[in-house]
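S.K.: Dumping the structure here so I can ask a few things about it.
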Amino acid sequence: MDVLVVDELCHPSVVLLVRGLSRQKKIPVVSLNHLLRSTEPKLPVLGYLYRVVEAYFLNSVDAHVHNSQDTARQVLALIRQELPAVVAYPGQGSLVV
């Protein structure tokens, strides 16, 4: 396997697996980011919990593919370091950020 692409929306079920792969550095992991659950309206405590888990996941991958500039900004606000990233607009080409 050359690279593992993980849909960010399924991060709760794969966060520990991805973290383990990232630590081993055997398979690069790329997060496909459509929408961050922590940005959806909900009770404040749920938003906090989503931010914690999403940040943990997003910080454990090697690169990001975003569906919009807005999603890219939201992810950058959660991660500790800037990682390789690209905005791939649905149905169009890509723009490297």
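The values are calculated or read from the model by the stated rules, or taken from the named source; none is laboratory data. Since the structure is predicted, the reported quantities are computational estimates derived from the model, not experimental observations. Virtual Cβ from ideal backbone geometry, glycine too; neighbours counted across all protein chains shown. With ligands, DNA and RNA removed, areas are computed over all heavy atoms of the protein, side chains included. Shrake-Rupley method; radii C 1.70, N 1.55, O 1.52, S 1.80 Å.
S.K.: Cα convex hull of the stretch 36-97: how many Å³ per residue? List each step's numbers first, then the result.
M.R.: Details: hull volume 4.9 nm³, N = 62.
Expressed per residue, the convex hull around the Cα atoms of the stretch 36-97 is 79 Å³.
S.K.: Under a 1.4 angstrom probe, counting protein chains only, how are 83, 32 ranked by accessible area, largest first? All intermediate terms of the calculation are to be shown ahead of the outcome.
M.R.: Working: 83 30, 32 60 Å².
Final ranking, largest accessible area leading: 32, 83.
S.K.: Residues with beta-carbon under 13 Å from that of residue 34, excluding residue 34: net charge, scoring Lys, Arg +1 and Asp, Glu -1? Mind dumping the intermediate values first?
M.R.: Details: positive: 37; negative: 7, 8, 40, 54, 70.
Net charge around residue 34: -4.
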